[in-house]
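Worksheet: one structure, shown below.
The values are calculated or read from the model by the stated rules, or taken from the named source; none is laboratory data. Quick caveat, the model's predicted, so the values are computed rather than measured. All Cβ positions, glycine included, derive from the backbone under ideal geometry; neighbour counts span all protein chains shown. The protein model used for the area step is the full one, side chains on, heavy atoms only, and it has no ligands, DNA or RNA in it. Shrake-Rupley method; radii C 1.70, N 1.55, O 1.52, S 1.80 Å.
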Amino acid sequence: SFPLPTSLQGVSVDVVDGTRTLNAPLFFVSAGQVNALLPYEVRSTTAQIRLNTASGSSRLHRVSLTPRTPRLLSTAQTGSGDAILVHANFNLVTPDDPARAGEVVVLFLTGLGAVSPAIPSGQMANDGSSGKPLNQVTAPVNVSVSQVQATVYFAGLAPGFAGLYQVNFKVPEAVSPGILDISVAVGTEASQPTVGFAVAPATELLRTSSI
């Protein structure tokens, strides 16, 4: 439920940001793994992370931070391989159901940084309805497919989620079919070079779609 809890099954995560200690919203807790959202409110270039459980607290672990570090999500959940990328009907783009040159698709990722309007950590992103404008990334976002620049129509938090970004872009018509690499850049920060997706020639796509 939203907002995400800052304590789950007796577990919490502290993020020490200078003189402040922030509580990280939690997605998931198990015996060997905790998935947390680094709070948007962190302003330092380094922070310290501490895990708290019913048995006690861990040592503080220092981590380096940047305002934005785009990272693409992959279907293999390893940060490499096929991108989590969907058609306008939200069917996953796969080699059996490829995107086509000229099609507008939706890519999911993390780390695009500040958005406007700003949103408290752990809250569900706005859906664009009346009084809930979409939370758009404040810095320019560039997408390239096989080193060809793509047209970006939207970059911001994915409506209905916390901490998840989406980018709507058009697959460049100039690219050749195949498994093509994709890159997302914000300022000087770019995504990892190990993610791609399947593209078919424009004439091979039998569906019509729009976003």
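Counting only protein heavy atoms and a probe of 1.4 Å, the accessible surface of segment 1-71 is 51% carbon and sulfur.
Per residue, segment 51-182 exposes 50 Å² of solvent-accessible protein surface, assessed with a 1.4 angstrom probe and all protein chains in place.
With the highest mean first, a sort of the peptides 194-201, 113-120 on other beta-carbon atoms found within 10 angstrom per residue produces 194-201, 113-120.
Treating each Cα of the chain as an identical point scatterer and ignoring solvent, apply the Debye formula and state log10 I(q)/I(0) at q = 0.09, 0.12, 0.17 Å⁻¹. Values returned for q = 0.09, 0.12, 0.17 Å⁻¹ are -0.40, -0.68, -1.18.
With only the Cα atoms considered, segment 49-168 has a convex hull volume of 165 Å³ per residue.
The calculated FRET efficiency for residue 28 paired with residue 190, based on their beta-carbon distance and R0 = 25 Å, is about 0.35. With distances taken between every two different alpha-carbon atoms, segment 1-96 has a Kirkwood hydrodynamic radius of 15.7 Å. For segment 70-158, the relative contact order is 21 percent, taking Cα pairs closer than 8 Å that sit 6 or more residues apart in sequence and dividing their mean separation by the residue count.
Take the Cβ atoms of residue 59 and residue 123, set R0 to 30 Å, and the FRET efficiency comes out at 0.50. The relative contact order of the chain comes to 20 percent, based on Cα pairs under 8 Å that sit 6 or more residues apart. Counting only protein heavy atoms and a probe of 1.4 Å, the accessible surface of segment 96-205 is 52% carbon and sulfur.
The share of Cα pairs per 5 Å bin across segment 69-108, counted from zero up to the longest distance, runs 6, 25, 30, 23, 12, 3, 0 percent.
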